Amino acid sequence: MTDALNIESVEILIVGAGPAGSVAAALLRQQGRQVLVIEREEFPRFSIGESLLPQSMAYLEQAGMLRAVVEAGFQFKNGAAFMRGGRYTDFDFRDKHSEGWGTTYQVQRAQFDHILAKEAARFGAEVRYRHEVMNIELGANGAPALVTVKNPDGETYQVRAGFILDASGFGRILPRLLTLETPSNFPVRGAIFTHIEDGIRGGFDRNKIRVTVHPQHDDVWFWTIPFAGGRCSQGVVAETSFLDRYQGTPTERLQAILAEEPSLSALLADAKWDTPARQIVGYSANVEKLWGPGYALLGNAGEFLDPVFSSGVTIAFKSASLAAAALQRQFAGETVDWQADFGAPLRKGVDTFRVFVESWYAGGFQKIIFHENQQPEIKRMISAILAGYAWDLSNPYVKETPRRLAALEALCTPQ
């Protein structure tokens with residue numbers, strides 16, 4: 001809709017067509033809402049974060065996107081494996097405390113994200129690629145926001161939006177414009193990563209992501225995410241002070257660090273490094289609040305913890321689902337408490353993941369998962385969280401995460 005001043009009007013404007021934005025768009029279209037998605041990039045486009053968690057499947061199913069994802073032929077995933085100092089341990093996500101999906105996929109995000117965006121469009125959302133949000137003026141007392149957008153030709157136009165969902169990922173449009181960002185309590189870490197033809201011949205479970213700990217530095221780790229077709233995503237995560245020790249191109253630096261881990265070097269001995277590596281730094285982010293009058297922050301636009309447990313896409317989907325449910329009630333004329341219905345429940349799961357991430361880097365969680373005498377029922381509870389069920393309060397390690405995990409760390413620490 002366009003008014004006399006040539007300003008378009010839309011019920012809901014979503015910034016970003018990534019997983020959070022596309023799922024939110026599909027859910028809202030199913031409610032009959034008018035949805036416009038503004039995406040800065042042209043899809044398909046490269047993105048990192050390829051290992052999904054089983055909890056994600058429920059949100060894809062809810063959004064009506066599951067069939068499209070299943071039929072895409074992505075690599076099946078049923079768990080996670082960990083290596084440290086030659087010791088191997090794994091979690092089968094089908095053997096878990098929580099009800100729900102126990103399997104998922106490992107996906108090239110360029111293809112996966114494009115599938116989701118096309119599904120959002122199939123449901124009737126308008127998706128504009130290569131359009132960039134330049135400014136947002138929130139309306140007072142519930143009035144629509146005024147959004148300035150630049151099109152691919154460099155021309156600007158304006159959109160009045162009844163509600164804005166910021167799914168801009170690391171672009172973090174609203175946190176920057178509204179000064180919502182707060183410092184993360186995590187050290188500044190970086191990741192160097194690429195996609196390779198892995199050349200792995202045997203002795204490797206392609207149905208699981210593998211996380212390998214550096215032999216001398218417990219806070220440095222590698223991911224190996226197998227794809228269908230003999231390729232994988234390979235990366236290393238460490239504090240920037242560690243990464244800065246290595247010289248050369250990002251590919252040369254990644255290869256040099258990987259060469260220090262014997263099991264991974266042997267695994268990838270026949271790999272073809274056919275794609276230049278990339279680096280991101282300082283990705284952990286936090287915000288003062290996840291919502292405000294007329295807007296909500298989805299996925300990485302709100303908070304991003306760390307890639308170690310592959311929680312990013314699951315959190316993105318969860319935020320989209322919560323926001324869509326709140327908006328359904330709001331458009332029905334109900335008074336919505338966005339903190340109680342969106343902010344607090346979303347943060348509960350994020351905070352559960354946060355405790356596990358902090359424990360991983362401090363070394364406590366590594367003592368737990370590599371402990372020789374793992375109790376099956378406790379392992380099933382841990383497996384559920386690693387599978388993405390960080391909102392299941394029937395799990396003691398969700399309901400009382402800091403206390404339970406600290407007690408378990410103490411039990412697994414040699415006296």
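Report, by residue number, each residue of the range 103-147 that is of a type outside the set (Val, Ile, Thr) and surrounded by 22 or more Cβ atoms within 10 Å (Cβ to Cβ). Write out each step before concluding.
First, the residues of the range 103-147 that are of a type outside the set (Val, Ile, Thr): 105-106, 108-114, 116-126, 128-132, 134-135, 137-146.
Scanning the range 103-147 gives Tyr105, Gln106, Gln108, Phe112, Asp113, Leu116, Ala117, Glu119, Ala120, Ala125.
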Across the range 214-265, what is the number of residues that are among the hydrophobic types (A, V, I, L, M, F, W, C), in a helix (DSSP H, G or I) and within 20 Å of Val308 (Cβ to Cβ)? 6
Cross-chain or 6+ apart pairs with Cβ under 9 Å, the range 257-284 first and touching a residue at least 24 places away in the same chain (Cβ under 8 Å) and polar (S, T, N, Q), then in a helix (DSSP H, G or I) and surrounded by fewer than 18 Cβ atoms within 10 Å (Cβ to Cβ): Thr275/Thr251; Gln279/Pro250
Would it be correct to say that Ser233 is in contact (Cβ under 8 Å) with a residue 60 or more places away in the chain, touching a His at 6+ places or on another chain (Cβ under 6 Å), surrounded by 19 or more Cβ atoms within 10 Å (Cβ to Cβ) and within 27 Å of Leu298 (Cα to Cα)? yes
Kindly establish whether Lys150 is buried (at least 16 other Cβ atoms within 10 Å of the Cβ), more than 19 Å from Lys289 (Cβ to Cβ), among the basic types (Lys, Arg) and in contact (Cβ under 8 Å) with a residue 60 or more places away in the chain. no
Condition met for Val336 (modelled with pLDDT of 95 or more and in contact with a Ser or Thr (Cβ under 7 Å, 6 or more places away or on another chain)): no
Select from the range 290-306 the residues that are surrounded by fewer than 24 Cβ atoms within 10 Å (Cβ to Cβ) and either at pLDDT below 90 or closer than 19 Å to Leu52 by Cα (or both) and list them in ascending order. Phe304, Leu305, Asp306
Could you look through the range 349-376, keep only residues that are surrounded by 17 or more Cβ atoms within 10 Å (Cβ to Cβ) and of a type in the set (D, E, K, R), and pick out the one that is nearest to Tyr397 (Cα to Cα)? Arg354
Just to be sure I understand, how many residues within the range 392-415 are surrounded by fewer than 20 Cβ atoms within 10 Å (Cβ to Cβ) and assigned to a loop (DSSP other than H, G, I, E, B)? 6
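Where in the range 58-145 are there strands (runs of 3 or more DSSP E), lying fully within it, with 2 or more residues that are free of Cβ contacts under 8 Å to residues at least 60 places away in the same chain and on the phi > 0 side of the Ramachandran plot?
On the way: elements: 75-77, 79-84, 87-92, 104-106, 126-129, 132-137.
Correct list: empty, since no element meets the threshold.
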Does Arg45 count as part of a loop (DSSP other than H, G, I, E, B) and without any contact (Cβ under 8 Å) to a residue 40 or more places away in the chain? no
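Checking the structure you have, find out if any residue of the range 65-84 is of a type outside the set (Phe, Trp, Tyr) and closer than 23 Å to Leu165 by Cα.
Yes, that holds for at least one residue.
The values are calculated or read from the model by the stated rules, or taken from the named source; none is laboratory data. Computed from a predicted model, the values in this text were never measured in an experiment. Cβ atoms come from the backbone with ideal geometry, glycine included; neighbour counts cover every protein chain shown.
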